[in-house]
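Read the figures in this text as sums done on the coordinates, not as results from a lab. This one's a predicted model, so the numbers in the text were calculated from it and none came from an experiment. Heads up, the Cβs are rebuilt from the backbone with ideal geometry, glycines too, and the neighbour counts pull from every protein chain shown.
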Amino acid sequence: MKLTFPHMGNMYIPVKGLLEYLDLEVVVPPFSTKKTLELGVKYSPEFACLPLKINLGNFIEARELGADTIIMAGGVGPCRFGLYAQVEKEILQDLGYDFETLVLEPPDKHFGQFIARVKRIIGSNSWWKVMEAIKFAYRKSYAVDMVERKVQKLRPLEKKPGTVDMIYKHALNSIDNAQSFSTLEEATSLSLLKLDQVPIESDREVIKIGLIGEIYTLLEPFVNLDIEKELGKLGVEVTRSLYLSEWISSHLLKNLITDENIKPFRDLAKPYLNYFVGGHGWETVGYAVGFSQEGYHGLIQLAPLTCMPEIVAHNILGKVKEDCQIPILTIYLDEHSGKAGLITRIEAFVDLIRRQLETQRRLAR
Amino acid sequence: MSLYLGIDVGSVSTNLLVIDEEHNVIESIYLRTQGRPLESIKKGLMMLYPRLPKKEKIAGVGTTGSGRQLAAFLVGADVVKNEITAHAVAAAQQVPDVRSVLEIGGQDSKIIILENGVVTDFAMNTVCAAGTGSFLDQQAARMGLSIQEFAQLALQAKNPVRIAGRCSVFAESDMIHKQQLGHSLPDIIAGLCQALVRNYLNNVGKGKNIKPPVLFQGGVAANPGIKVAFEKALNTEVIVPRYFNVMGALGAAILAKEAIVKQERTNFKGFNLIESQFTTSSFDCHGCPNICEVIELYIDGNLTARWGDKCNKWTDALQTKVAN
């Protein structure tokens, strides 16, 4: 059994860590590229949203590397993603790709089935070892997030553009390669130490922007056209509403681990939205309020084109923008790979914020 | 006296504009880009040079528009700005108390909301170009009319017909259908203008509080049919500023003047540029499955710039070579 799974940003690091800890054979698909997108677009229904297309491309490329079993997340609620695993399975079957697909539905909804599928994956491993592996994977995701948060803080300040991202790339590799708890810890602290050494200009004025929206477009740089790096170049410190380890701890570990970065989005969203609208629509609204209360200068909402939960959120954000007096920009992402349009919009958005700050300062004087 | 040059390289037009220290427009040029930005920039400079007073010097250059990076590289710009900021700056300079700017260009349309001369909100069309200049050009051509005749006809309409404005493909088939039913040309064109305005306000202008004074700029503002349709839909006067079709370039020139205060001297390479030969070529990099199309710029046969590679491998390689 050679296991594979779709890409979503840095998710491959903890997932690979988990499976390898259990001595299972893993095939990580090549990083998403235009080829992945082309393959996905070719075989997907035109009206499906971007994540399905890229997932499919990932699977086909993993198949070429010898993968024979897919682990894929299911889902519940109004978001189409809940059905994607099934649709992808059928498309791959029609194409003649011989895969076994193990769909993991959320354990809080389908516990029995979840356990059965997990047993199929883990084989003869003991439950104790599985617990250790989950802990290891969680630690990896936590390490990745710690490094990433630091990178997001340093990007707008670095003296020589690109230094931070070079270290970041190495850091991800070393965390990915760590095979034990002790090497993981070593890799993490070394990476953080290296980042601390990056020459910075600390008197630069940094604009703080919260990235909110749909999970896949938030986490996958290939899809969001590296928006975090581009914002960094414009002198922006980015914080996302979603980080891998937070997502794991709130969805898979049922909040066994508390994390001070997780916002009580249901309470924050209260005057605007009191209902699960699928995907991360609720979180988007709640985090928008939360970020603006924390004094962020602006918010950027990301979503795949036609994403229903985010369209709901988008319409509500107008009111949040008015009440909280915070600029919000919504960007829908689809197949277009041209970066120029994105750069124009984010540059104008950052200009808007900077010019507003200047005016505020002038008036204060 | 010092002069400041603004260059706006858009998908449809390339505009050059020169202002003096007091923001008076000395000269402006509107050219069709015709898919060849390098040549149109060069042509624009060639046309501009003899028209400028000989004693004055260009003290600063700003570029904007979708071709702003290319233009900046070519002429040596002091400031490179996106078109939203450039348009807003120009609008606030022309009508200081402006609160809404409607801008419709060749490929995109945008709305900018200002308060006290500062942008507070903006939006740009995202995945659909319905209702932009290119579509109007196409429709005029289909009817065998020049875009000027097309625009004037709209004003003669007695009873504008209703045309679907959701998507330009549907709008076109709806127009053909109405034509075949025997509606008059002015009524159809006026109907189209209304449909485009509806589409603009529902898409780009969605959720925006459009308050007067309202400025309408960009190439499409030359079309009085659209202006009238906007006035009807918004129930307020819509002002088309004098330099409506070169506002981006005006904004870039003003920004250049602002930028030059902070730096010592301009990066402008001078009008000698027009003597040089510009050529570009491109190749597909097969370093990874992204297969980036890398573009190379040659000035007088020397490779001077590269862009288009996701990983910057080629861009960096050239920079290191130049640095050495």
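Computed quantities for the displayed model
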{"item": "Fraction of antiparallel bridges per DSSP, segment B:96-240 only, in percent to nearest 5", "result": "65 percent"}
{"item": "Average other protein chain Cβ within 10 Å of Cβ, residues B:106-113", "result": "1"}
{"item": "Rounded to 10°, Cα long-axis angle of helix A:281-293 versus longest principal axis of chain A", "result": "30 degrees"}
{"item": "Cα-based Rg and Dmax for chain B, where Dmax is the largest Cα-Cα distance (Å)", "result": "21.4, 71"}
{"item": "Alpha-carbon centroid distance for the pair segment A:276-294 / segment A:82-152, whole angstrom", "result": "26 Å"}
{"item": "Mean shadow area of segment B:142-192, taken as a quarter of the surface of its Cα convex hull (nm²)", "result": "3.3 nm²"}
{"item": "Kirkwood estimate for segment A:2-123, i.e. one over the average of 1/r between Cα atoms, Å", "result": "14.7 Å"}
{"item": "Per-bin percent of Cα-Cα distances, segment A:206-365 [10 Å]", "result": "10, 40, 36, 12, 2, 0"}
{"item": "Alpha-carbon spread of the protein assembly as shown, three principal axes, descending order, Å", "result": "84, 68, 54"}
{"item": "Prolate/oblate/rounded call for segment A:292-365, Cα gyration tensor, a/c under 1.5 rounded", "result": "oblate"}
{"item": "When each of A:K159/A:K194; A:K35/A:K119; A:K89/A:K109; A:K53/A:K129; A:K208/B:K313 is checked by Cα-Cα distance, pairs over 24 Å", "result": "A:K35/A:K119; A:K53/A:K129; A:K208/B:K313"}
{"item": "Shielding of B:78-91 by partner chains, average beta-carbon count, 10 Å", "result": "3"}
{"item": "Viscosity 1.567 mPa s, 4 °C: Kirkwood-radius Stokes-Einstein D of segment B:278-323 over Cα pairs, µm²/s", "result": "119 µm²/s"}
{"item": "Percentage of interatomic Cα-Cα distances in segment A:145-295 larger than 18 Å", "result": "64 percent"}
{"item": "Over segment B:1-144, volume per residue of the alpha carbon convex hull, in Å³", "result": "128 Å³"}
{"item": "Straight-distance crosslink candidates among lysines, where the alpha carbon sits under 23 Å from B:K206 and sequence neighbours closer than 8 are dropped", "result": "A:K319, A:K321, B:K110, B:K227, B:K232"}
{"item": "Most to least packed among B:31-44, A:179-192 [average Cβ atoms within 10 Å]", "result": "B:31-44, A:179-192"}
{"item": "Antiparallel bridge percentage (DSSP; both residues within the protein assembly as shown; nearest 5)", "result": "50 percent"}
{"item": "Cα-derived Rg over Rh, computed across segment B:96-240 with Rh taken as Kirkwood radius", "result": "0.97"}
{"item": "Centroid-to-centroid separation of segment B:69-100 and segment B:216-271 [C-alpha atoms, Å]", "result": "8 Å"}
{"item": "Cα-only radius of gyration and Dmax that characterise segment B:209-315, units Å", "result": "21.8, 57"}
{"item": "Dimensions in Å of chain A - Rg and Dmax from alpha carbons", "result": "20.7, 71"}
{"item": "Centre separation in Å (Cα based) which lies between segment A:208-240 and segment A:307-365", "result": "13 Å"}
{"item": "Listed peptides A:148-156, B:228-236, B:252-260 by packing density, highest first (mean Cβ within 10 Å)", "result": "B:252-260, A:148-156, B:228-236"}
{"item": "Partner chain coverage, peptide B:94-103 - average Cβ within 10 angstrom", "result": "0"}
